[in-house]
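Inspection log for the structure reproduced underneath, given as structure tokens.
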Amino acid sequence: MADCSVSGNFADMKKRQWLVVICETVACVAKGQVQGVVVDMSTGVPQRDVVIYTNHNEVDTTDWRGEYRFREPFDWAEARHPRFLSRKLTADEMRADTVRLIPLVNELSEVVITAKRLEISPAIMNGVNAAIAAGAAEAPRGLVNNLDFLAPLARFDRSRRWVSKKERRRQKEILDNY
């Protein structure tokens, strides 16, 4: 009977050793993994298709939930997306839950329009010249030449601005806190 209990203890000891080995292996694998979410800094919305690559040539692209995962340890990583500023992060920054990217605000520095000159037919020009000669093109005295009385209010029209003041303020706040 004593022999049975010794072999039973030996089997329990073997099970415990295997359990310890498995736990240590899982802990080592979990320690090397880096995972998180990439979000838009201004809205907090997860971003898909952000390409993140490390200094050890490991590359990952975020899924529809903005999640990424690296299995190998690295020193730094860089996140890139066409609609955001590229960001270089240290390994410690990547271990944080969330990586926030700053959205690009695109503004044009110059606009060039190329078009052919409009040709006015001679028949139309003859009619215009006849109207001018008859005095029909002149406005009567006392009337304003520009009949658009709401023109001074056009500067308050928000649809004509590219970026609103509120949006510029929010972008400045984001950059100051980055």
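Out of curiosity, is TRP76 in contact with a Lys or Arg (Cβ under 8 Å, 6 or more places away or on another chain), open to solvent by 90 Å² or more (accessible area, probe 1.4 Å) and of a type outside the set (Asp, Glu)?
Taking the combined requirement at face value, the residue does not satisfy it.
Only one of (1) under 30 Å from GLN35 (Cβ atoms); (2) open to solvent by 100 Å² or more (accessible area, probe 1.4 Å); (3) at pLDDT below 85; (4) among the charged types (D, E, K, R) is not met by GLU138, so which one is it?
The failed condition is (1).
May I ask you to list pairs of residues, at least six apart or on different chains, whose Cβ atoms are under 8 Å apart, with the first in segment 102-120 being surrounded by 10 or more Cβ atoms within 10 Å (Cβ to Cβ) and the second being assigned to a loop (DSSP other than H, G, I, E, B) and at pLDDT 80 or above?
ILE102/MET41; ILE102/SER42; PRO103/MET41; PRO103/SER42; PRO103/ARG83; LEU104/ARG83
Which ones in segment 63-109 are hydroxyl-bearing (Ser, Thr, Tyr), under 26 Å from GLU173 (Cβ atoms) and out of contact with any Phe, Trp or Tyr (no Cβ under 8 Å at 6 or more places or on another chain)?
Those that are hydroxyl-bearing (Ser, Thr, Tyr), under 26 Å from GLU173 (Cβ atoms) and out of contact with any Phe, Trp or Tyr (no Cβ under 8 Å at 6 or more places or on another chain): SER86, THR98, SER109.
Can ARG87 be described as outside any loop (DSSP other than H, G, I, E, B), among the basic types (Lys, Arg), open to solvent by 70 Å² or more (accessible area, probe 1.4 Å) and closer than 16 Å to VAL39 by Cα?
no
Residues of segment 48-63 being open to solvent by 60 Å² or more (accessible area, probe 1.4 Å), part of a loop (DSSP other than H, G, I, E, B) and at pLDDT 90 or above, which ones?
Answer for segment 48-63, where residues must be open to solvent by 60 Å² or more (accessible area, probe 1.4 Å), part of a loop (DSSP other than H, G, I, E, B) and at pLDDT 90 or above: ARG48, ASP49.
The values are calculated or read from the model by the stated rules, or taken from the named source; none is laboratory data. For clarity, every value in this text was computed on a predicted model and none was experimentally measured. Virtual Cβ from ideal backbone geometry, glycine too; neighbours counted across all protein chains shown. Accessible surface is based on the protein model in full, side chains and every heavy atom, while ligands, DNA and RNA are left aside. Shrake-Rupley method; radii C 1.70, N 1.55, O 1.52, S 1.80 Å.
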